[in-house]
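The values are calculated or read from the model by the stated rules, or taken from the named source; none is laboratory data. Not measured: the values here are computed from a predicted model. Just so you know, the surface numbers come from the protein's heavy atoms only, side chains and all, with ligands and any DNA or RNA stripped out. Shrake-Rupley method; radii C 1.70, N 1.55, O 1.52, S 1.80 Å.
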Amino acid sequence: LRSHYRLRPEQKVEILRLSTKIEPPREIDRRELRARYELPENSVVAIFGGQITEGRGIEQILAAAQAAQRDAPELHFVLCGNGRLVGLVQN
């Protein structure tokens, strides 16, 4: 922060530690995971995880998925989450 901005002497910079210990991601078998979700082994997968609601770009993601289906069929989209636009995603 200090290397990019000039701070006034009364401004403090502190590191706030997370309250929980973050575990490293566990090792997974990529082939098994892709098989479970019926995804090809060697394709590119774009993943969205979060609230499937207004203001999150869901409509744009779906438009990109439709364009990819036509122009780049090797690209796959996975949307994970819940919210008011789940029906739109399912359709």
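Assorted remarks:
- Based on DSSP H segments of at least four residues, each scored -39500 (n - 2.57), the chain has a per-residue ellipticity at 222 nm of -8000 deg cm²/dmol.
- Surface per residue (accessible, 1.4 Å probe) for the chain, Å²: 93 Å²
- Mean-position separation - Cα centroids, region 9-39 and region 46-91, in angstrom: 22 Å
- Relative to the longest principal axis of the Cα atoms of the chain, helix 58-71 runs at roughly 50 degrees.
- Under 5 Å between amide hydrogens, built in the peptide plane, is the criterion, and for residue 77 it picks out 46 among residues at least 5 positions away or on other chains.
- Protein-only accessible surface at a 1.4 angstrom probe places the residues 77, 48 in the order 77, 48, largest first.
- Of all the options 45, 78, 13, the one that moves most in a Gaussian network model of the chain with Cα springs shorter than 10 angstrom is 13.
- Relative contact order of the chain, pairs being alpha-carbon contacts under 8 Å that are 6 or more residues apart, as %: 29 percent
- Ranked from largest to smallest solvent-accessible area, with a 1.4 Å probe on the protein heavy atoms, 61, 47, 28 come out as 47, 28, 61.
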